[in-house]
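These notes are about the structure you will find just below.
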């Protein structure tokens with residue numbers, strides 16, 4: 001198993017407001033979130049200017065007030081093989097998910113909902129079709145974005161998955177339903193049926209992600 005070098009990623013965003021409010025992003029977060037990390041601590045602070053900081057590092061400055069904190073373990077280790085549950089999950093990848101979502105100007109709640117449905121935050125997940133990692137990347141999709149190896153690396157997997165999701169959002173005029181349908185069934189299927197394909201799996205997928213998106217909007 002590769003020994004990933006430490007790196008730091010933190011983010012700052014206002015407590016309220018639209019996506020543009022996330023513009024202040026500090027890339028400082030110690031401890032790379034590798035695919036097989038055992039636990040991680042997440043700290044949520046409010047700064048003196050009213051912005052929010054999500055990090056895996058404690059802050060000692062008087063400018064930061066701790067809002068909440070939580071310890072996480074890989075989702076699979078906590079729930080075993082239990083079926084998918086439609087409730088918000090506190091993931092050890094939270095800070096990484098939010099930072100990468102903001103890099104691509106996507107709502108972190110939306111990206112987290114996709115990852116929840118795709119892999120339930122299991123970085124080592126593999127589907128029967130061969131999709132891999134947190135965002136369940138198919139090999140050809142990963143290759144399209146020059147990811148040829150380390151498919152289970154949390155940072156690389158999310159980076160490629162979010163970039164792909166962003167491209168779909170731009171292609172479909174920021175229509176979340178069509179973008180999700182294409183993420184699940186492929187752009188060809190959306191084009192063929194001029195909308196969400198009549199596949200039960202895809203239709204349920206879109207509904208699940210959008211329901212979770214609304215829930216995560218209240219927690220991120």
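Suppose we keep only residues that are at pLDDT below 80 and not in a strand (DSSP E or B) within the range 39-74. Which one would you say is surrounded by the fewest Cβ atoms within 10 Å (Cβ to Cβ)?
39
Any idea which of (1) over 17 Å from the mean Cα position of the chain (by Cα); (2) in contact (Cβ under 8 Å) with a residue 60 or more places away in the chain is the one residue 186 doesn't satisfy?
Of the numbered conditions (1) over 17 Å from the mean Cα position of the chain (by Cα); (2) in contact (Cβ under 8 Å) with a residue 60 or more places away in the chain, the odd one out for residue 186 is (2).
Among the residues of the range 179-191, is any surrounded by fewer than 14 Cβ atoms within 10 Å (Cβ to Cβ) and at pLDDT 95 or above?
yes
Suppose we filter the range 150-175 for residues that are under 20 Å from residue 204 (Cα atoms), surrounded by 19 or more Cβ atoms within 10 Å (Cβ to Cβ) and either at pLDDT below 95 or more than 12 Å from the chain's Cα centre (by Cα) (or both); how many remain?
The number of residues fulfilling the criteria is 2.
Name the helices (runs of 4 or more DSSP H) wholly within the range 153-216 that hold at least 2 residues that are in contact with a helix residue (DSSP H, G or I) (Cβ under 6 Å, 6 or more places away or on another chain)? Outline the logic, then answer.
Values: elements: 154-171, 176-185, 187-193.
Counting at least 2 such residues, we get 154-171, 176-185.
Among the candidates 87, 144, 78, which residue alone is modelled with pLDDT under 90, farther than 22 Å from residue 211 by Cα and out of contact with any helix residue (DSSP H, G or I) (no Cβ under 6 Å at 6 or more places or on another chain)?
Working: 87 fails: farther than 22 Å from residue 211 by Cα; 144 fails: modelled with pLDDT under 90.
The unique qualifying residue is 78.
Are any residues in the range 192-214 under 24 Å from the mean Cα position of the chain (by Cα) and buried (at least 17 other Cβ atoms within 10 Å of the Cβ), and if so, which ones?
Selection gives 196, 202, 205, 206, 208, 209, 212, 213.
If residue 130 meets every condition in (1) surrounded by 14 or more Cβ atoms within 10 Å (Cβ to Cβ); (2) touching a helix residue (DSSP H, G or I) at 6+ places or on another chain (Cβ under 7 Å); (3) over 15 Å from residue 111 (Cβ atoms) apart from one, which number is that one?
Single failed check for residue 130: (1).
Could you say whether any residue in the range 136-145 is outside any helix (DSSP H, G or I), free of Cβ contacts under 8 Å to residues at least 60 places away in the same chain, within 16 Å of the chain's Cα centre (by Cα) and surrounded by 18 or more Cβ atoms within 10 Å (Cβ to Cβ)?
Applying the first criterion (outside any helix (DSSP H, G or I)) to the range 136-145 yields 136-138, 145.
Retained after the next criterion (residues that are free of Cβ contacts under 8 Å to residues at least 60 places away in the same chain): 136-138, 145.
Subset that is within 16 Å of the chain's Cα centre (by Cα): 136-137.
If we keep only those that are surrounded by 18 or more Cβ atoms within 10 Å (Cβ to Cβ) as well, we get 136-137.
So far as the range 136-145 goes, yes, one or more of its residues are outside any helix (DSSP H, G or I), free of Cβ contacts under 8 Å to residues at least 60 places away in the same chain, within 16 Å of the chain's Cα centre (by Cα) and surrounded by 18 or more Cβ atoms within 10 Å (Cβ to Cβ).
The values are calculated or read from the model by the stated rules, or taken from the named source; none is laboratory data. Note that the structure is a prediction, hence the values are computed from the model and not measured. Glycine also receives a Cβ, built like all others from the backbone with ideal geometry; neighbour counts cover every protein chain displayed.
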